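Undergrad: Mind having a look at this structure? Questions to follow.
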């Protein structure tokens, strides 16, 4: 049987959890209020006109736009239909704390891969921690016409965009003559990599995704 001290501790935890939930709910109401107001004014609608479109009262529209009421799912759907936007549009801005990586020009972490010692530079431009489906953008620079052309194989897909120079790039049994502005989307399971360096230096962006 719980002691009075334990019960008091439980009540305090419940109160803290309730306060956090209320704060989150309040934030969501404010986001919905701002979005409804934004889309209504953008559509040139008055509160009365939106009320007529949705079947809601003008007073209800006012309470929504002042964040003084919590909308039911039915109300949200009516508002979205009346504003001609998806329901998800009314939640934009509710979850803004997301991971991002910013890389200045000329920066990024260098990685050592096969061919690095032969004038092949691989500079990773950003990563998102804890995401198994995140893109991996890498700036590849080839400055040495060596005979070492590493081939890669990996799960997922890869997109290559040529920035400068000319090369022949291989994917499986196919070869592609690539120059600045050319791009190639490929299945990473097939062996791929530069086969012939035609005009150095060569620089291209390689973006892989699992």
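The values are calculated or read from the model by the stated rules, or taken from the named source; none is laboratory data. Everything numeric in this text was worked out from a predicted model, so none of it was measured. So basically every Cβ, Gly included, is an ideal-geometry build from the backbone, and we count neighbours across all protein chains shown.
Undergrad: When you check residue 187 against the structure, is it surrounded by 13 or more Cβ atoms within 10 Å (Cβ to Cβ) and over 24 Å from residue 106 (Cβ atoms), yes or no?
TA: Values: surrounded by 13 or more Cβ atoms within 10 Å (Cβ to Cβ): yes; over 24 Å from residue 106 (Cβ atoms): yes.
Yes.
Undergrad: Looking at residue 149, is it at pLDDT below 95 and either touching a strand residue (DSSP E or B) at 6+ places or on another chain (Cβ under 8 Å) or outside any strand (DSSP E or B) (or both)?
TA: Criteria met by residue 149.
Undergrad: Here's another thing I want to ask about it. In the stretch 153-165, is there at least one residue being assigned to a strand (DSSP E or B), farther than 26 Å from residue 101 by Cβ and in contact with a strand residue (DSSP E or B) (Cβ under 6 Å, 6 or more places away or on another chain)?
TA: yes
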